[in-house]
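What follows is calculated from the coordinates using simple rules that are stated; it is not laboratory data. These numbers come from a predicted model, not from an experiment. We place every Cβ from the backbone using ideal geometry, glycine too, and count neighbours over all the protein chains shown.
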Amino acid sequence: MTLTLDHITLTYPDGLTEVTAVDDVSLTLRPGEFTALVGESGSGKSSLLAVAAGLQEPTSGTVRVDGTRGLIFQQANLLGSLTVREQLLITDHIRGLRGRALRERAPRADELLARVGLAGFGQRRMGQLSGGQRQRVNIARALMGDPAVLLADEPTSALDSALSREIIDLLAGITRESGTATVVVTHDTTLLDAFDHVVEMRDGRLREALPA
Ligand SMILES: Nc1ncnc2c1ncn2[C@@H]1O[C@H](COP(=O)(O)OP(=O)(O)OP(=O)(O)O)[C@@H](O)[C@H]1O
């Protein structure tokens, strides 16, 4: 069992009342499974993902994770002045690696860049990359911590349909190879055939899985 959400409820204060963004949701993600999370705007997808990511404490319920979590966001949130390799290594720097220990991680960064189709791009500046390439860097960066769980919030929303398909296929391949439990929030119904499971949120609740 890689990630278990057990009876998660999340409410936000809203003036004198409150909004229930996530309403008693339970979900188990298993290694190697590629899951899409869909639903109308405001249905609670980002809120549920934030709880799964550990970025937001649920109002009630529990989150259990075996291993680490890798996060991929909508806009590739990357520092333009860094090189691509530095952009990956900065995650290790944040984890406390310094000096030689950090330099020894460079081959891992290059290996992940090759995996996402960016072999030889390590010395490029982030500002010199296209949107699709930036999102590939974002994916490689999320893999630096060898996550058991990958969580992606609208990773293709800034991309055209061909690039979106490439990014989803890349995430599907990584999920199968690395055995991560991966959840992708998406609005794009043309991509759903790439997933093992599709779960839909409506008014904060999870609905029956749609046929993928
Ligand atoms: N920080 C917040 N404070 C108050 N209410 C919030 C906050 N964040 C989200 N909400 C409310 O919680 C509900 C769920 O929002 P959420 O962003 O999780 O939905 P979503 O399905 O991800 O929407 P979208 O597809 O538009 O991103 C909405 O009613 C929203 O207005």
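Shown here for segment 55-158: trypsin sites (Lys or Arg not before Pro) in loop regions (DSSP other than H, G, I, E, B) with at most 14 other Cβ atoms within 10 Å, namely ARG95, ARG98. Histogrammed with a bin width of 5 Å, the alpha carbon distances of segment 53-109 distribute as 4, 13, 20, 19, 17, 13, 8, 4, 1 percent, first bin at zero. Based on Cα contacts under 8 Å between residues 6+ apart, segment 83-146 shows a relative contact order of 48 percent.
The value of relative contact order for segment 143-212, using C-alpha pairs under 8 Å at least six residues apart, is 30 percent. Computed log10 I(q)/I(0) for segment 1-57 at 0.25, 0.26 Å⁻¹: -1.13, -1.20, from the Debye equation with unit scatterers placed on every C-alpha and solvent omitted. When +1 charges are put on Lys and Arg Cβ atoms and -1 charges on Asp and Glu Cβ atoms, the dipole computed for the chain relative to its Cα centre reaches about 1180 debye. Along the axis of the charge dipole computed for the chain (Cβ charges of +1 for Lys and Arg, -1 for Asp and Glu, origin at the Cα centre), the listed residues GLY67, LEU5, VAL199 are led at the positive end by GLY67. Scaled to the globular estimate 2.2 N^0.38 Å, the Cα spread of segment 22-81, given as radius of gyration, is 1.28.
Considering only LEU79, LEU150, GLY32, and ranking their Cα positions along the charge dipole of segment 9-153 that arises from unit charges at the beta-carbon of Lys, Arg, Asp and Glu, the one farthest toward the positive end is LEU79. Using a cutoff of 8 angstrom between alpha carbon atoms and counting only pairs six or more residues apart, the relative contact order for the chain works out to 32 percent.
In the chain, the DSSP-assigned H stretches of four residues or longer account for a calculated mean residue ellipticity at 222 nm of -9000 deg cm²/dmol, using -39500 (n - 2.57) per stretch and the full residue count as denominator.
Note on the chain: along the principal axes its Cα atoms extend 50, 37, 35 Å, ordered by decreasing extent.
Treating the beta-carbon of each Lys and Arg as +1 and of each Asp and Glu as -1, no other charges, what is the dipole magnitude of segment 93-212 about its Cα centre, to the nearest 20 debye?
Value, rounded to 20: 860 debye.
A convex hull fitted around the alpha carbon atoms of segment 157-212 yields 90 Å³ per residue.
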